[in-house]
Amino acid sequence: MKHTFTLVLLFVLAAWNSLQAAAQTAPDSAVVPADSAWKKSFTSTLNFQQGLLSSNWRGGGVSSLGLNASINAKADYQQGIHSWDNQADLLYAFVSNKGQGYRKSLDRIYLDTKYGRAMSPNWDMFVSLNLLTQFAPGYKYSDDANGRQRAQLVSSTFAPAFLTAAYGFEYHPTSYFKLRLSPFAPRLTVVSRPERFVAALGETPYGVKPGHSTRFEVLAAQVLAEFDKDIATNVNLKARYLLFANYGSDFALRRIDHRLDASLTAKVNRYVNVALTGILLYDYDQDTAIQYSQGLTLGLIYSVQNFQDKK
(Lines give C-alpha, C1' and ligand atoms only; values in the text may rest on other atoms or scores of the structure.)
Protein backbone atom coordinates (compact mmCIF):
# COMPACT_ATOMS: atom_id res chain seq x y z
CA MET A 1 0.00 0.00 0.00
CA LYS A 2 2.74 2.42 0.99
CA HIS A 3 4.68 1.83 -2.26
CA THR A 4 1.52 2.14 -4.34
CA PHE A 5 0.60 5.54 -2.92
CA THR A 6 4.21 6.63 -3.47
CA LEU A 7 3.87 5.71 -7.15
CA VAL A 8 0.61 7.62 -7.40
CA LEU A 9 2.16 10.67 -5.73
CA LEU A 10 5.15 10.62 -8.08
CA PHE A 11 2.80 10.23 -11.03
CA VAL A 12 0.70 13.24 -9.98
CA LEU A 13 3.80 15.34 -9.30
CA ALA A 14 5.18 14.47 -12.74
CA ALA A 15 1.90 15.56 -14.29
CA TRP A 16 1.94 18.81 -12.33
CA ASN A 17 5.56 19.61 -13.22
CA SER A 18 4.87 18.92 -16.89
CA LEU A 19 1.77 21.10 -16.71
CA GLN A 20 3.78 23.95 -15.19
CA ALA A 21 6.45 23.64 -17.90
CA ALA A 22 3.79 23.60 -20.60
CA ALA A 23 2.11 26.64 -19.09
CA GLN A 24 5.38 28.57 -19.17
CA THR A 25 5.85 27.59 -22.80
CA ALA A 26 2.36 28.73 -23.82
CA PRO A 27 0.90 31.08 -21.21
CA ASP A 28 -1.78 32.58 -23.43
CA SER A 29 -2.71 29.81 -25.82
CA ALA A 30 -2.85 26.04 -25.99
CA VAL A 31 -1.49 26.16 -29.56
CA VAL A 32 2.00 27.41 -30.37
CA PRO A 33 3.06 28.05 -34.00
CA ALA A 34 5.25 25.21 -35.24
CA ASP A 35 8.87 26.18 -35.92
CA SER A 36 10.45 22.81 -36.67
CA ALA A 37 9.85 19.37 -38.13
CA TRP A 38 8.69 18.23 -34.69
CA LYS A 39 5.02 18.13 -33.72
CA LYS A 40 4.65 17.93 -29.95
CA SER A 41 1.58 17.64 -27.75
CA PHE A 42 0.93 17.11 -24.06
CA THR A 43 -2.33 16.45 -22.23
CA SER A 44 -2.79 15.77 -18.52
CA THR A 45 -5.92 15.18 -16.48
CA LEU A 46 -6.59 14.92 -12.78
CA ASN A 47 -10.10 13.81 -11.83
CA PHE A 48 -11.63 13.28 -8.41
CA GLN A 49 -14.75 11.54 -7.22
CA GLN A 50 -16.18 11.57 -3.71
CA GLY A 51 -19.18 10.26 -1.82
CA LEU A 52 -19.67 11.23 1.81
CA LEU A 53 -22.40 9.68 3.98
CA SER A 54 -23.19 10.38 7.61
CA SER A 55 -23.10 7.50 10.09
CA ASN A 56 -26.91 7.56 10.35
CA TRP A 57 -27.61 7.68 6.58
CA ARG A 58 -30.57 5.34 6.08
CA GLY A 59 -30.35 5.09 2.31
CA GLY A 60 -27.45 2.64 2.51
CA GLY A 61 -24.03 2.77 0.92
CA VAL A 62 -20.57 3.78 2.13
CA SER A 63 -18.40 6.88 1.86
CA SER A 64 -15.80 6.74 -0.91
CA LEU A 65 -12.96 8.71 -2.44
CA GLY A 66 -11.44 8.21 -5.88
CA LEU A 67 -8.69 9.63 -8.05
CA ASN A 68 -8.06 9.29 -11.78
CA ALA A 69 -4.86 10.73 -13.30
CA SER A 70 -3.57 10.49 -16.86
CA ILE A 71 -0.80 11.82 -19.08
CA ASN A 72 -0.59 11.60 -22.85
CA ALA A 73 2.50 13.01 -24.54
CA LYS A 74 3.51 12.81 -28.20
CA ALA A 75 6.58 13.93 -30.13
CA ASP A 76 6.41 13.25 -33.89
CA TYR A 77 9.13 14.08 -36.39
CA GLN A 78 8.62 14.40 -40.16
CA GLN A 79 11.32 15.28 -42.66
CA GLY A 80 10.89 14.29 -46.28
CA ILE A 81 10.13 10.57 -46.52
CA HIS A 82 11.37 9.89 -42.98
CA SER A 83 9.26 10.00 -39.82
CA TRP A 84 9.79 9.18 -36.16
CA ASP A 85 6.74 9.04 -33.87
CA ASN A 86 6.88 8.70 -30.07
CA GLN A 87 4.05 8.39 -27.55
CA ALA A 88 3.64 7.95 -23.80
CA ASP A 89 0.15 7.12 -22.55
CA LEU A 90 -0.12 6.78 -18.76
CA LEU A 91 -3.24 6.17 -16.68
CA TYR A 92 -3.83 5.40 -13.02
CA ALA A 93 -7.04 5.39 -10.97
CA PHE A 94 -8.10 4.11 -7.57
CA VAL A 95 -11.11 4.21 -5.29
CA SER A 96 -11.19 3.94 -1.50
CA ASN A 97 -14.45 2.74 0.02
CA LYS A 98 -15.05 3.01 3.76
CA GLY A 99 -14.60 -0.41 5.34
CA GLN A 100 -12.91 -1.84 2.24
CA GLY A 101 -9.85 0.36 1.87
CA TYR A 102 -7.92 1.27 -1.25
CA ARG A 103 -8.58 -0.58 -4.52
CA LYS A 104 -7.03 0.06 -7.90
CA SER A 105 -9.51 0.55 -10.74
CA LEU A 106 -7.38 1.54 -13.78
CA ASP A 107 -3.67 1.16 -14.43
CA ARG A 108 -1.79 1.54 -17.72
CA ILE A 109 1.70 2.33 -18.97
CA TYR A 110 1.94 2.42 -22.77
CA LEU A 111 5.14 3.58 -24.47
CA ASP A 112 5.60 3.46 -28.23
CA THR A 113 8.28 4.54 -30.69
CA LYS A 114 8.12 4.06 -34.46
CA TYR A 115 10.37 4.87 -37.42
CA GLY A 116 8.64 5.12 -40.79
CA ARG A 117 9.75 5.54 -44.40
CA ALA A 118 7.12 6.78 -46.84
CA MET A 119 6.17 4.63 -49.81
CA SER A 120 3.28 6.87 -50.95
CA PRO A 121 1.24 9.73 -49.43
CA ASN A 122 -0.84 7.24 -47.40
CA TRP A 123 1.52 4.28 -46.83
CA ASP A 124 4.77 3.84 -44.88
CA MET A 125 7.09 0.98 -44.15
CA PHE A 126 7.86 1.00 -40.44
CA VAL A 127 9.62 -0.62 -37.52
CA SER A 128 8.33 -0.02 -33.99
CA LEU A 129 8.86 -0.96 -30.37
CA ASN A 130 6.16 -0.67 -27.71
CA LEU A 131 5.78 -1.49 -24.03
CA LEU A 132 2.48 -2.22 -22.28
CA THR A 133 2.51 -2.70 -18.52
CA GLN A 134 1.26 -1.17 -15.24
CA PHE A 135 2.33 0.87 -12.21
CA ALA A 136 1.06 -1.04 -9.18
CA PRO A 137 -0.02 -4.46 -7.85
CA GLY A 138 -3.51 -5.71 -8.63
CA TYR A 139 -5.76 -8.02 -6.63
CA LYS A 140 -8.71 -10.34 -7.19
CA TYR A 141 -11.33 -10.03 -4.45
CA SER A 142 -13.58 -12.92 -3.41
CA ASP A 143 -15.23 -14.44 -0.32
CA ASP A 144 -13.74 -17.42 1.44
CA ALA A 145 -15.69 -20.36 2.93
CA ASN A 146 -16.50 -18.28 6.02
CA GLY A 147 -17.85 -15.37 4.01
CA ARG A 148 -14.86 -13.19 4.74
CA GLN A 149 -13.39 -11.25 1.86
CA ARG A 150 -9.91 -12.16 0.73
CA ALA A 151 -7.54 -10.52 -1.75
CA GLN A 152 -5.38 -12.59 -4.09
CA LEU A 153 -2.45 -11.03 -5.92
CA VAL A 154 -2.96 -11.28 -9.70
CA SER A 155 -0.42 -8.73 -11.00
CA SER A 156 2.32 -6.42 -9.82
CA THR A 157 4.55 -3.55 -10.90
CA PHE A 158 5.81 -4.40 -14.42
CA ALA A 159 4.33 -7.89 -14.03
CA PRO A 160 3.18 -8.54 -16.61
CA ALA A 161 5.06 -6.35 -19.05
CA PHE A 162 4.65 -6.88 -22.80
CA LEU A 163 7.47 -5.68 -25.06
CA THR A 164 6.68 -5.96 -28.78
CA ALA A 165 8.90 -5.23 -31.79
CA ALA A 166 6.85 -4.88 -34.96
CA TYR A 167 7.78 -4.63 -38.63
CA GLY A 168 5.35 -3.90 -41.43
CA PHE A 169 3.27 -1.26 -43.15
CA GLU A 170 1.24 1.69 -41.87
CA TYR A 171 -1.81 3.20 -43.55
CA HIS A 172 -2.60 6.83 -42.58
CA PRO A 173 -5.26 8.33 -44.87
CA THR A 174 -5.99 11.21 -42.44
CA SER A 175 -4.28 12.97 -39.55
CA TYR A 176 -6.60 11.32 -36.99
CA PHE A 177 -6.50 7.66 -38.10
CA LYS A 178 -3.59 5.23 -38.42
CA LEU A 179 -3.50 1.49 -39.08
CA ARG A 180 -0.37 -0.61 -38.62
CA LEU A 181 -0.18 -4.08 -40.18
CA SER A 182 2.73 -6.14 -38.83
CA PRO A 183 3.09 -9.71 -40.17
CA PHE A 184 6.21 -10.11 -38.01
CA ALA A 185 5.88 -8.85 -34.44
CA PRO A 186 7.84 -10.88 -31.86
CA ARG A 187 6.74 -10.24 -28.27
CA LEU A 188 8.50 -10.70 -24.95
CA THR A 189 6.28 -11.19 -21.88
CA VAL A 190 8.00 -10.45 -18.56
CA VAL A 191 6.58 -11.67 -15.25
CA SER A 192 8.93 -11.52 -12.30
CA ARG A 193 8.34 -14.42 -9.87
CA PRO A 194 5.20 -15.79 -11.58
CA GLU A 195 4.69 -18.26 -8.73
CA ARG A 196 3.14 -15.33 -6.81
CA PHE A 197 0.12 -15.48 -9.10
CA VAL A 198 -0.38 -19.24 -9.47
CA ALA A 199 -3.00 -19.46 -6.71
CA ALA A 200 -5.25 -16.96 -8.48
CA LEU A 201 -4.41 -17.48 -12.17
CA GLY A 202 -3.30 -21.09 -12.58
CA GLU A 203 -0.02 -22.82 -13.40
CA THR A 204 1.14 -20.44 -16.16
CA PRO A 205 0.31 -16.83 -15.24
CA TYR A 206 0.21 -14.73 -18.43
CA GLY A 207 1.70 -17.69 -20.28
CA VAL A 208 4.91 -17.68 -18.20
CA LYS A 209 5.88 -20.91 -16.45
CA PRO A 210 6.92 -20.82 -12.76
CA GLY A 211 10.68 -20.94 -12.50
CA HIS A 212 10.96 -18.64 -15.50
CA SER A 213 10.46 -14.89 -15.75
CA THR A 214 9.90 -14.48 -19.50
CA ARG A 215 8.00 -15.88 -22.44
CA PHE A 216 9.22 -15.13 -25.97
CA GLU A 217 6.79 -15.41 -28.89
CA VAL A 218 8.78 -15.08 -32.13
CA LEU A 219 6.33 -16.06 -34.87
CA ALA A 220 3.62 -13.50 -34.22
CA ALA A 221 1.63 -10.76 -35.95
CA GLN A 222 0.23 -7.48 -34.68
CA VAL A 223 -2.45 -5.06 -35.86
CA LEU A 224 -2.62 -1.62 -34.26
CA ALA A 225 -5.28 0.97 -35.09
CA GLU A 226 -5.49 4.47 -33.57
CA PHE A 227 -8.24 7.07 -33.81
CA ASP A 228 -8.00 10.55 -32.25
CA LYS A 229 -10.47 13.21 -33.40
CA ASP A 230 -12.73 15.97 -32.13
CA ILE A 231 -16.11 14.57 -33.14
CA ALA A 232 -17.94 17.72 -32.00
CA THR A 233 -17.06 21.10 -30.54
CA ASN A 234 -14.97 20.42 -27.40
CA VAL A 235 -15.70 16.67 -27.60
CA ASN A 236 -12.81 14.31 -28.36
CA LEU A 237 -12.92 10.58 -29.09
CA LYS A 238 -9.70 8.65 -28.73
CA ALA A 239 -9.38 4.90 -29.29
CA ARG A 240 -6.58 2.38 -29.72
CA TYR A 241 -7.20 -1.22 -30.84
CA LEU A 242 -4.44 -3.80 -30.54
CA LEU A 243 -4.52 -7.34 -31.94
CA PHE A 244 -1.74 -9.84 -31.28
CA ALA A 245 -1.63 -13.32 -32.80
CA ASN A 246 0.97 -15.98 -32.13
CA TYR A 247 0.93 -18.19 -35.23
CA GLY A 248 3.47 -20.65 -33.88
CA SER A 249 2.75 -24.24 -32.89
CA ASP A 250 -0.14 -23.34 -30.54
CA PHE A 251 -2.02 -21.07 -32.97
CA ALA A 252 -5.81 -21.00 -32.60
CA LEU A 253 -8.39 -18.28 -33.20
CA ARG A 254 -9.39 -18.33 -29.53
CA ARG A 255 -5.79 -17.52 -28.59
CA ILE A 256 -5.66 -14.25 -30.53
CA ASP A 257 -5.40 -11.30 -28.12
CA HIS A 258 -7.63 -8.25 -28.53
CA ARG A 259 -7.46 -5.00 -26.56
CA LEU A 260 -9.46 -1.79 -27.04
CA ASP A 261 -8.71 1.37 -25.05
CA ALA A 262 -11.18 4.22 -25.61
CA SER A 263 -11.96 7.59 -24.06
CA LEU A 264 -14.61 10.22 -24.74
CA THR A 265 -13.67 13.61 -23.30
CA ALA A 266 -15.90 16.69 -23.23
CA LYS A 267 -14.38 20.02 -22.20
CA VAL A 268 -16.62 22.16 -20.00
CA ASN A 269 -14.04 24.93 -20.40
CA ARG A 270 -10.29 25.04 -20.98
CA TYR A 271 -9.46 23.46 -17.63
CA VAL A 272 -12.53 21.38 -16.67
CA ASN A 273 -13.60 18.19 -18.40
CA VAL A 274 -15.93 15.23 -18.19
CA ALA A 275 -14.41 11.93 -19.33
CA LEU A 276 -15.77 8.46 -20.04
CA THR A 277 -13.04 5.82 -20.30
CA GLY A 278 -13.19 2.13 -21.01
CA ILE A 279 -11.02 -0.90 -21.73
CA LEU A 280 -12.08 -4.17 -23.36
CA LEU A 281 -9.58 -7.02 -23.18
CA TYR A 282 -9.50 -10.61 -24.36
CA ASP A 283 -6.32 -12.52 -23.59
CA TYR A 284 -6.58 -16.31 -23.51
CA ASP A 285 -3.48 -16.58 -21.32
CA GLN A 286 -5.21 -14.46 -18.66
CA ASP A 287 -8.86 -15.53 -18.90
CA THR A 288 -11.12 -17.27 -21.40
CA ALA A 289 -13.78 -14.55 -21.00
CA ILE A 290 -13.75 -10.89 -22.03
CA GLN A 291 -12.47 -8.47 -19.40
CA TYR A 292 -13.61 -4.86 -19.19
CA SER A 293 -13.27 -1.73 -17.08
CA GLN A 294 -15.14 1.58 -17.27
CA GLY A 295 -14.97 4.93 -15.53
CA LEU A 296 -16.82 8.26 -15.58
CA THR A 297 -15.06 11.27 -14.06
CA LEU A 298 -15.21 15.05 -13.72
CA GLY A 299 -12.00 16.95 -13.17
CA LEU A 300 -9.16 19.10 -14.46
CA ILE A 301 -7.50 18.99 -17.88
CA TYR A 302 -4.60 20.84 -19.40
CA SER A 303 -3.24 20.44 -22.92
CA VAL A 304 -0.65 22.19 -25.06
CA GLN A 305 0.74 21.54 -28.53
CA ASN A 306 2.99 23.30 -31.02
CA PHE A 307 0.76 22.82 -34.09
CA GLN A 308 -2.74 23.57 -35.30
CA ASP A 309 -5.13 20.64 -35.74
CA LYS A 310 -6.48 20.12 -39.23
CA LYS A 311 -10.25 20.47 -39.53
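The values are calculated or read from the model by the stated rules, or taken from the named source; none is laboratory data. Keep in mind it's a predicted model, so treat the numbers as computed, not measured. Quick reminder, even Gly has a Cβ in these numbers, built from the backbone with ideal geometry, and neighbours come from all protein chains shown. Side chains included, ligands, DNA and RNA excluded: accessible areas come from the protein's heavy atoms. Shrake-Rupley method; radii C 1.70, N 1.55, O 1.52, S 1.80 Å.
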In the stretch 41-177, carbon and sulfur make up what percent of the accessible area (probe 1.4 Å)?
58
Go ahead and set up a Gaussian network model of the chain, Cα springs under 10 Å, then flag whichever of 227, 251, 197 fluctuates most.
251
Using the Karplus curve 6.51 cos²θ - 1.76 cosθ + 1.60 with θ = phi - 60°, what ³J(HN,Hα) values do you get for each residue of the stretch 149-157, in whole Hz, with x for Gly and Pro?
6, 10, 10, 10, 5, 10, 7, 8, 4
Kindly report, to the nearest 10 Å², the accessible surface of residue 127 as traced by a 1.4 Å probe over protein heavy atoms only.
60
Specify whether the C-alpha gyration tensor of the stretch 135-261 places it in the rounded, prolate or oblate class, a ≥ b ≥ c being the square roots of the eigenvalues: rounded for a/c under 1.5, otherwise prolate if a/b is larger than b/c and oblate if not.
oblate
Straight distance only, please: which aspartates and glutamates reach the Cα of residue 229 with their own Cα at less than 13 Å, same-chain residues fewer than 8 apart left out?
309
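Exactly which GluC sites (Glu not before Pro) in the stretch 190-279 are in a DSSP loop and have at most 12 other Cβ atoms within 10 Å? Intermediate values should be presented prior to the final figure.
Numbers: sites: 195, 203, 217, 226; in loops: 203.
Those that pass, being in a loop and sparsely packed, are 203.
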Can you give the Kirkwood hydrodynamic radius of the chain from its Cα pairs, in Å with one decimal?
21.4
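Return one whole number: the accessible area per residue of the stretch 190-267 in Å², for a 1.4 Å probe.
For the stretch 190-267, the per-residue accessible area is 54 Å².
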Once you've got the GNM for the chain with C-alpha springs shorter than 10 Å, pick whichever of 210, 183, 173 has the biggest mean-square fluctuation.
173
For the chain, with a Gaussian network of springs between Cα atoms less than 10 Å apart, report the residue from 128, 63, 192 with the top mean-square fluctuation.
63
Simple spin-label estimate for residue 254 and residue 225 in nanometres, 7 Å along Cα-Cβ:
2.5
Please give the net charge around residue 92, taking every other residue with its beta carbon less than 10 angstrom from that of residue 92, where Lys and Arg add +1 and Asp and Glu add -1.
+1
